Amino acid sequence: MEKKPTQLLLGIDIGTQGAKVLVIDFNGHIHAISTSSYDFEVRQQGWAEQHPLQWWNGVTEALKDLLEKGIDPKAIIGIGVSGQMHSLVLLDKNKEELGTAILWNDVRTVAECDDIYEALGKKTIFSITRNSVLPGFTAPKLLWIRKNEPDRYTKIHHMMQPKDYIVFKLSGMLSCDVSDASGTSLFNVNERQWSDEMIKGLNIPKEWLPDVYESQTIVGEVSKEASQLTGLIAGTPIVAGAGDNAAAALGNGIYEEGKGIISVGTSGTVFAPLKAVPQIIDEDDLSTLHLFCHCLPETWHVMGVTLSAGMSLRWYKDTFTNTSYDELLTGVSSVQAGSDGLIFLPYLNGERTPHNDPNAKGVFFGINYRHSQNHFTRAVLEGVSFSLKDCLELIKKLNISLDTIYVTGGASKSQIWKQILSEVINHPLRAFEEREGPAYGAALLAGLGIGVWSGPEQFPNFFEDSQYTKMDQKNISTYEEIYLTYKKLYKKLKPIFSENK
């Protein structure tokens, strides 16, 4: 008798720098991972765009590689998708792509954010969406299209976000989930549904918006056309999925209060789950924090975002070196904490938390003759870590206690960066040796959707093999002093940033 293959769950993640796919079994073991890289286009300063077909081509290439590694597509019984949030994808009446997508890290829409506030008022907006209207969010991008590209605007019939586009390409179904919808400025985060008041107030046709679901809800199945293109089996169920940060949190076991996660991808986030929506007022400095629906029912999360985390290191590597990441980071430990007075502000494309300042610029401060390439590299790691500390400090102001903090993404792959980050925030970090957060979380959502588990409490011991980072008390004291200077630098430079847009 032919042996039946182990049943698997497929997770897909649409990142800013590439697509990633993986398959896990019901014990959480990863059987194979494949990736496909792409880049984004910067046509003007502050802009960032990708064509949706880059993501789809990346997914099909990664899936082809996954199957070539010996994964039997018949063994895949559920599919989940995660992806970069906020980015605006537009389709016409034939469901064809309407040009490039404006990405989450595009900050061209400052005027449109002001227009939204003028149309509805800050208090009304904040009471509904529970968030400030930020340039990276989805609704301001749509208003920018309406104002600056009226021909394209008149052709719109559907709007969505990146992971929803991939669900559509796989199944032909249009959908969204509560976590991604939370970052559109069109969603009632308390009630977990589209806000008619926001949609009507901005004169957006509601029929353009897909139906919104809880993240583990089955919304479609692999179509015959997608099966031919990807090798997946037609009829395989697909769940609504989640935004990358919510999926990454689930993939690292972060769904209960008291646990948090720092994710260092292209951007950087600090994430804490909540069982109730806290009271934050729009005038408060806490308004730069995001308050979104988590990818589990009756759960929310608060999150701070720094726009250029791993992207800062990539920019530095590609611009000033001709080496790999491993080679670049080799000499960092030879430099003392504080990089001998060299400080980096990672505001390469403006900043979100805590400044909400699209004019902020990247800065190296304190350069002298003693500084080598290793100093600059360490300063980049430290500067990004300081920006993540900014986010964590705001979360602490909400009296949210994080007993355990995990780290995922690029920083979790580097021992020196994990140590720097833990010393900067003065908290030990836990990381998994092999864990791809968003894609892993998407696979778990697929398992929840098809009934492998009825809830996360039924997950096997997925989260027991994490390891703590080491910390040096002397470095912690050093970073506490430098952090004060780091914060002063932004305050002193802010007027100059505004003068040099």
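Here, each number is a calculation from the coordinates, and none is a lab measurement. Only a predicted model underlies this, so the values are computations on that prediction, with no experimental measurement involved. Cβ coordinates were reconstructed from backbone atoms using ideal geometry, including for glycine residues, and neighbour counts include every protein chain displayed.
Counting Lys and Arg as +1 and Asp and Glu as -1 over every other residue whose Cβ lies under 10 Å from the Cβ of Cys295, the net charge comes to -3.
Inter-part distance, segment 228-271 to segment 12-70, computed on C-alpha centroids, equals 13 Å. A Förster radius of 35 Å, combined with the Cβ-Cβ distance separating Asp326 from Ala234, puts the computed FRET efficiency at roughly 0.25.
Beta-bridge orientation, the chain: approximately 70 percent antiparallel, per DSSP, counting only bridges with both partners inside. Spin-label pair Asp92-Arg152: with each label point 7 Å from Cα along the Cα-Cβ axis, the two points sit 1.3 nm from one another.
Based on alpha carbons, the Rg and Dmax found for segment 9-132 are 18.6, 56 Å. Roughly how many Å is it from the Cα centre of segment 300-355 to that of segment 90-167, as a whole number? So the separation of the two Cα centres works out to 29 Å. From the square roots a ≥ b ≥ c of the eigenvalues of the alpha-carbon gyration tensor of segment 367-421, which class results: rounded (a/c under 1.5), prolate (a/b over b/c), or oblate? It comes out oblate by the Cα gyration axes. Modelled label positions at Leu484 and Gln467, each set 7 Å beyond Cα in the direction of Cβ, lie 3.6 nm from each other.
Label reach from Phe26 (point 7 Å along Cα→C-beta): in segment 217-244, amide nitrogens under 20 Å belong to 217-218, 236-239.
Taking Cβ atoms as reference points and 15 Å as the exclusive limit, the residues near Ala309 contribute a net charge of +2, counting Lys and Arg as +1 and Asp and Glu as -1. Shown in residue order for segment 337-353 are the 3J(HN,Hα) couplings computed by the Karplus curve 6.51 cos²θ - 1.76 cosθ + 1.60 at θ = phi - 60°: 3, x, 6, 6, x, 8, 10, 10, 9, x, 9, 6, 9, x, 8, 9, 9 Hz (x for Gly and Pro). By the count of other C-beta atoms within 10 Å, a proxy for reagent exposure, Ser127, Ser171 are ordered fewest to most as Ser127, Ser171.
Close amide H pairs (under 5 Å, H built 1.01 Å from N) link Leu274 with Trp300, His301, Val302, residues at least 5 positions away or on another chain. Using alpha carbons only, how many angstrom separate the centre of segment 398-461 from the centre of segment 471-501? Result: 28 Å between the Cα centres. Look at the alpha carbon pairs under 8 Å that are at least 6 residues apart: their mean separation over the length of the chain gives a relative contact order of 16 percent.
Taking θ as phi - 60° and the Karplus parameters 6.51, -1.76 and 1.60, the scalar couplings of segment 219-233 work out to 10, x, 9, 4, 7, 4, 5, 5, 4, 5, 7, 10, x, 6, 7 Hz in sequence order, x denoting glycine and proline. Calculated on the Cα set of segment 199-347, radius of gyration then Dmax: 20.8, 60 Å.
Under 5 Å between amide hydrogens, built in the peptide plane, is the criterion, and for Tyr213 it picks out Cys176, Asp177, Val178 among residues at least 5 positions away or on other chains.
So what does the Cα-only Debye profile of segment 87-147 read at q = 0.25 Å⁻¹, as log10 I(q)/I(0), no solvent term? One equal scatterer on each Cα of segment 87-147 leads to -1.00. Taking each full run of DSSP H in the chain as one helix, which ones are at least 30 Å long along their axis (Cα atoms) and have mean Kyte-Doolittle hydropathy of at least -0.5? Correct list, ordered by number: 373-397. Checking the Cα-Cα distances for Lys275/Lys389; Lys20/Lys418; Lys169/Lys413; Lys155/Lys200; Lys397/Lys494 against a 27 Å cut-off, the pairs over it are Lys169/Lys413.
Distances between placed amide hydrogens fall under 5 Å for Ala101 paired with Gln50, His51, all partners being 5 or more residues away or on another chain. Once you divide the Cα radius of gyration of segment 66-213 by 2.2 N^0.38 Å, the number left is 1.11. What the phi angles of segment 93-105 give under the Karplus curve with 6.51, -1.76 and 1.60, with θ = phi - 60°, is a coupling list of 5, 8, 6, 9, 5, 9, x, 7, 8, 7, 8, 4, 9 Hz, glycine and proline written as x.
Of Tyr369, Tyr325, Tyr213, the sequence from fewest to most neighbouring Cβ atoms within 10 angstrom is Tyr369, Tyr325, Tyr213. Under Stokes-Einstein, with the Kirkwood radius over Cα pairs standing in for Rh, what whole-number D in µm²/s applies to the chain at 20 °C and 1.002 mPa s? Estimated via Stokes-Einstein, D reaches 94 µm²/s. With K and R counted +1 and D and E -1, the other residues having a Cβ less than 12 Å from that of Val335 yield a net charge of 0.
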